[in-house]
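Before any comments, here is the structure.
The values are calculated or read from the model by the stated rules, or taken from the named source; none is laboratory data. Since the structure is predicted, the reported quantities are computational estimates derived from the model, not experimental observations. Note that each Cβ is placed from the backbone with ideal geometry, even for glycine, and that neighbours are counted across all protein chains shown.
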Amino acid sequence: MIKALLHGSKAAVASAALLAALQVFGGVARAADIPTLKIGYLPLTHSMAVVVADKLNTGKYRNVKPELVKFSSWPELLDAFNSGKIQAASELMALALAGAERGVPGSVVALSHRHGDILTVAKDVKSVRELKGKRVAIPHRMSVHNILLSQALKKEGLTLKDVQWIEMPPPDMPAALARGDIKGFIVAEPFGTKAIQAGFGKKLLNAKDIWPDYICCALVLNPSFKKKYPAAAKEYIDSFTAAGRFIDANRGEAIRIARQYMNIDEKVFVQSLTHDVTYSDLRLKRGEVEQLQKYALELNLLKKPVNLDSLLDTTFVAAPAKKGKK
């Protein structure tokens, strides 16, 4: 009887150990099945939701393993996304349109921000008209900044042909202005504020004063990733939009977090966020994208209209809740 009990006890222990081992190895297998999502970004205020989401959700993601990849220029980021080295990016919406025109797979699921760009000029420049014949930098030919510059000039009876516009990586713009290589630039923050605080630049216009409903950057996912891992895509996009709401509600803490990912002086960062930038409403509004495409076609940045039904996925981001309502 005692032998039988001992035998039974050993069998029970062995069974329990086997079950525990299966659970452990099963857990490892499940963890191994969680996809890695590499997300590209530039160290701009427009990318704040990317880095804040990463910090707020470290160790909390259940269906996705986000991995941030920082770039210093749009061409570098674009090449990484188009080649599949990264599966998502906070990128210029105009670049997403250009990619769609060329047949590059991309699915725009949310905006990265609203507003926050400025036209920065040398301190002796008093008006847009005074930029005639001068060199003005933009971050990329296929950017909303090119269109914003065009619209600003148009209001003064000028065109892009009346200035010497050049493409330049955003981090290089303040130094170029300081040297006198350019007379102005229009780009995402914090670069305009850097020039302003350094004393050799000034804000001539807020971008939304040029075009009130312009859109700049958006979160773009590889459609294959989104289709293969829908739960992963949804979890990341939800965390991204939640980070946007956090930024608007907690500017000081958001800046503290973002500076861990971006080498931006605190005073510059604080002032950069005073140029009307917001992050709470990251919905895609078709009319805004259609207007961007219209201007891009007028400037021959696009050769033909893009199928927006294929490019835009509005199913992930809802309108922000009204105050007082849950």
Query raised in the report: Does segment 184-191 contain any residue that is within 25 Å of VAL277 (Cα to Cα), surrounded by fewer than 22 Cβ atoms within 10 Å (Cβ to Cβ) and not assigned by the TED database to the domain that holds ASN263?
Result: no
Requested in this report: Residues being in a loop (DSSP other than H, G, I, E, B) and either within 20 Å of PHE81 (Cβ to Cβ) or out of contact with any helix residue (DSSP H, G or I) (no Cβ under 9 Å at 6 or more places or on another chain) (or both): count how many of those fall in segment 200-243.
Outcome: 5
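Under 22 Å from TYR41 (Cα atoms), in contact with a Leu (Cβ under 7 Å, 6 or more places away or on another chain) and aromatic (Phe, Trp, Tyr), is that true of PHE185?
Working: under 22 Å from TYR41 (Cα atoms): yes; in contact with a Leu (Cβ under 7 Å, 6 or more places away or on another chain): yes; aromatic (Phe, Trp, Tyr): yes.
When the stated conditions are applied, PHE185 passes them.
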**Report entry** helices (runs of 4 or more DSSP H) wholly inside segment 244-320 that include at least 1 residues being surrounded by 15 or more Cβ atoms within 10 Å (Cβ to Cβ) and not assigned by the TED database to the domain that holds ALA218
**Finding:** 308-311
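Report yes if ALA296 is at pLDDT below 95, under 17 Å from ILE215 (Cα atoms) and not polar (S, T, N, Q), otherwise no.
On the way: at pLDDT below 95: no; under 17 Å from ILE215 (Cα atoms): yes; not polar (S, T, N, Q): yes.
Spelling it out, it is not the case that ALA296 is at pLDDT below 95, under 17 Å from ILE215 (Cα atoms) and not polar (S, T, N, Q).
Among the listed residues ILE186, ILE196, ILE182, which satisfies the condition of being closer than 27 Å to ALA98 by Cβ, in contact (Cβ under 8 Å) with a residue 12 or more places away in the chain, of a type in the set (A, V, I, L, M) and in contact with a Lys or Arg (Cβ under 8 Å, 6 or more places away or on another chain)? Give the derivation first.
Details: ILE186 fails: in contact with a Lys or Arg (Cβ under 8 Å, 6 or more places away or on another chain); ILE196 fails: closer than 27 Å to ALA98 by Cβ.
Every option except ILE182 fails the conditions.
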Report summary line: Scanning segment 231-243 residue by residue, those crowded, with 19+ Cβ neighbours inside 10 Å and over 16 Å from the mean Cα position of the chain (by Cα) turn out to be ALA232, GLU235
Query raised in the report: Out of (1) within 20 Å of the chain's Cα centre (by Cα); (2) not in a strand (DSSP E or B); (3) not β-branched (Val, Ile, Thr), what's the single condition that is false for PRO174?
Result: (1)
